Amino acid sequence: MRQEIRQAGSFTLPGTDRTVRRMGYGAMQLAGRDGDKLVWGPPGDVEGAVAVLREAIASGINHIDTADFYGPHVTNQIIRKALFPYPEDLVIATKVGPLRGEDGSWLPAFSRDDLTAAVHDNLRNLKLDVLDVVNLRAMFSRHGPAEGSMEAPLTVLAELQQKGLIRHIGVSNVTPAQVAEARRIVPIVCVQNHYNLAHRADDALVADLARDGIAYVPYFPLGGFTPLQSGVLSEAAARLSATPMQVALAWLLHRSPNILVIPGTSSLEHLRENLKAVSLQIPAHELAELDVMAGQQS
């Protein structure tokens, strides 16, 4: 499998010596659920979560996406339990910006004290002296990107970077205007937004970032599909002898060389299925049919 994952290619974060394979792993689903509280508390099977992480690394993945507000604290503690001491080539990207309320809500935490505490929480729970990548997640709306200045919180992260606590900075859940603003404040190595076969609002942004060698990291590879779009994807998957998730991930890998995919799962079986997407070849006529999906809304 380690040789297979290399088929996805690799990407070097701009201005750095850190090269990651384009198939990564998102750790959010390692946290548990408490009633209506999603991504909350420990999973039902901690050792199973540890096994998933260890197999991901053994398969050749060297890019893990996480956040200390997953759980909160849970996923980072599981990552440490599973993988510390970390492989030298492993890049762990985390996020700051939200804070979890006691009711499980996701609250903005953009103050200097909140951001500083979040960085130190990540360092402590991952058992690191410096964080590879910290993404600032915008929290101006609960429903997706919304305009608002990123200058103040990014300035705080830039100061923490200067103190040696952060190597590289990215942004998440942002508009193109916010990406432009962020790049004027500090070098940005990646942008993490909702993007997939059906949700294509960032098409132009993906291309702009690709020209400048900046990574684009999409989340929710199957999020926001209409029944019609899901049907089109399922039909394509059947023709390709693959699962819909494998086709969605393979499409992202085909879409642009700066896209890094981070599918998450707490299941070894699903992890193995996801990894097979790197070797899935989608013929040009199938890509053309899939590209039509974005306009199919009913």
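Only the coordinates and a few stated rules stand behind these numbers; no lab work does. The structure presented is a predicted model; accordingly, all values stated were derived computationally and were not measured. Glycine gets a Cβ as well: all are built from the backbone with ideal geometry, and neighbour counts include every protein chain shown.
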Open item on the list: Just want the answer: with Cβ charges of +1 for Lys and Arg and -1 for Asp and Glu, which residue in PRO218, PRO145, LEU233 is farthest toward the dipole's positive end in the chain?
Closed with: PRO218
TODO: Round to a whole angstrom and tell me the spacing of the C-alpha centers of segment 1-46 and segment 187-235.
DONE: 17
Task: Debye log10 I(q)/I(0) at q = 0.09, 0.14, 0.15 Å⁻¹ for the chain, Cα point scatterers - done: -0.41, -1.07, -1.24
Task: Listed peptides 25-37, 105-117 by packing density, highest first (mean Cβ within 10 Å) - done: 25-37, 105-117
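Segment 117-192: D in µm²/s via Stokes-Einstein (Kirkwood Rh, Cα pairs, 37 °C, 0.692 mPa s)?
259
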Task: Paramagnetic label zone (point 7 Å from Cα along Cα-to-C-beta, LYS127; backbone N under 12 Å) in segment 78-94 - done: 78-87
TODO: Compute the Kirkwood hydrodynamic radius of segment 1-144, taking the inverse of the mean of 1/r over all pairs of distinct Cα atoms, and give it in Å to one decimal.
DONE: 15.9
Open item on the list: About the Cα centre, and with charges only on the beta carbon of Lys, Arg (+1) and Asp, Glu (-1), how big is the dipole of segment 90-139? Nearest 20 debye, please.
Closed with: 120
TODO: Normalise the Debye intensity by I(0) for segment 170-241, one equal point scatterer per Cα, no solvent, then take log10 at q = 0.19, 0.21, 0.22 Å⁻¹ and round to two decimals.
DONE: -0.77, -0.87, -0.92
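State the antiparallel share, in %, of DSSP beta bridges confined to the chain, rounding to the nearest 5.
25
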- [ ] Run a plain Debye calculation on segment 97-250 (Cα atoms as equal point scatterers, no solvent) and give log10 I(q)/I(0) at q = 0.10, 0.15, 0.19 Å⁻¹, rounded to two decimals, same order as the q list.
- [x] -0.43, -0.87, -1.17
Task: Dipole in debye (nearest 20) - the chain, about Cα centre, beta carbon charges: Lys, Arg +1; Asp, Glu -1 - done: 440
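At 15 Å minimum axial length over the Cα atoms and a Kyte-Doolittle cut of 0.0, report the qualifying DSSP H helices in the chain, or say none. Intermediate values should be presented prior to the final figure.
On the way: long enough: 46-58 (18 Å, 1.25); 112-126 (21 Å, -0.75); 151-162 (16 Å, 0.24); 227-239 (18 Å, 0.16); 244-255 (16 Å, 0.62).
Helix filter hits for the chain: 46-58, 151-162, 227-239, 244-255.
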